[in-house]
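Engineer: This structure is in structure tokens; I'll ask about it shortly.
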Amino acid sequence: MAVPPASGVRVFISYSHDSDSHRAAVLRLATRLRQEGVDAWIDQYEEHRPPESWPDWMRRELNRADFVLLVITAEYARRFNRESPPGAGSGVRWEGTLITADMYYGRRTRARFLPVVGRPEDQGLVPAPLNLTTSYVMGRDGDADLTGLLRVLRARPAAVPAPLGSAPDAARAVAPPPETGVRRPAEYQKEFEARHGPEGPVAAARAWLECVRGGYRREIWSGLDPDLRLSLAQDWILANKDHPDIARRPRDELANALASRSPEHPLADPLVSSRAELLYQHFAAWDPCTWDVSGTSRPVGRDYQVVLPTPVDGPPSKEMPLLMRRVDRIWRVANFRPAYVIPGWPPRHEDIPASLL
């Protein structure tokens, strides 16, 4: 029986312009998906009437899409990981930053970004963190069997679990051993994954630092903890309180409007731009090629961790600490030093006790 079309499913295809043949293969993939009822979209559909700003177009397409297919090649992986020379493949570098930020700061329970490769043996090219979900094969010419991919896009499982039966009376669960107070290796592994896994504070800190280094202002702002955004807005309002556009507005109302994750207020642009520039200067020494953030991560309170960026060949840096806070199961930057932020007029900072650090 034919599978019904994926009505209403929007798909954006991200790829690198490796060659004319590769572009043709991606176009063939998009065409086949559209023939199957999937609203697939690629930049080639827009090239005859190019938008004023390709980065803005990419952001809109990523936001509109239900799924994003990432056609992985060796060149795409280099650009996604920001390993290509400056200026080369800027489109993929820009998309890669937006995608990474969305993966870490989004609130989805299923994969939205789906890697696609030309051949099965190319699956090793899929960069982290994209390699944590299933990848699909499209064929070197975009002509492979797409059944598995279409099932995901249509949310139609390949198999449905049978109803659970009742266990025989003789089958008894074995009681767990009594608690001895000794931590098992599995507990250490679980704790390590909680800190350093793809949804932990270390990964979130690195993704945010990538946004700072790239100058992606909106991603920088949305990656901040709500209390930090509010305190930064309050501090900025106080510093500019005599400006006529600020003086005539109720300051609490203005601060709350500016502190949203995606502020639309007319004054949001100067606020976010000024904060992003200061952060770029503060973290200018951090370089993903020579620094890491996996060296030191320490819990300092409920849902709080301090992450210290670490040079590859040196000790952790105490000059660029990031206080991370878990809000609604998502780790966000709570401060740029080990201190809790307390919004107010003026906002305050409460230093974390040295004994915890």
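Engineer: Determine, from the Cβ-Cβ distance of HIS265 and ARG329 and an R0 of 35 Å, the FRET efficiency 1/(1 + (r/R0)^6), rounded to the nearest 0.05.
Structural biologist: E(calc), rounded to 0.05, equals 0.80.
Engineer: What is the packing order of peptides 203-213, 32-42, taking the mean over residues of other C-beta atoms within 10 Å and listing the highest first?
Structural biologist: In decreasing order of mean packing, 203-213, 32-42 become 203-213, 32-42.
Engineer: Here's a follow-up. Take each of the peptides 71-79, 47-55, average the number of other beta-carbon atoms within 10 Å over its residues, and list them starting from the highest.
Structural biologist: Those peptides, ordered most packed to least, come out 71-79, 47-55.
Engineer: Under the rule a/c < 1.5 gives rounded, and otherwise a/b versus b/c splits prolate from oblate, where does region 7-66 land using the Cα gyration tensor?
Structural biologist: oblate
Engineer: Once you put a point 7 Å from the Cα of HIS48 and another 7 Å from the Cα of ALA155, both along the Cβ direction, what distance in nm separates them?
Structural biologist: 3.4
Engineer: Determine the per residue accessible area of region 205-357 with all protein chains present and a 1.4 angstrom probe, expressed in square angstrom.
Structural biologist: Value returned for region 205-357: 51 Å² of accessible area per residue.
The values are calculated or read from the model by the stated rules, or taken from the named source; none is laboratory data. Please read all numbers here as calculations on a predicted model, not as lab measurements. Neighbour counts run over all protein chains shown; Cβ positions are idealised from the backbone, glycine included. Note: areas computed on protein heavy atoms with side chains; ligands, DNA, RNA excluded. Shrake-Rupley method; radii C 1.70, N 1.55, O 1.52, S 1.80 Å.
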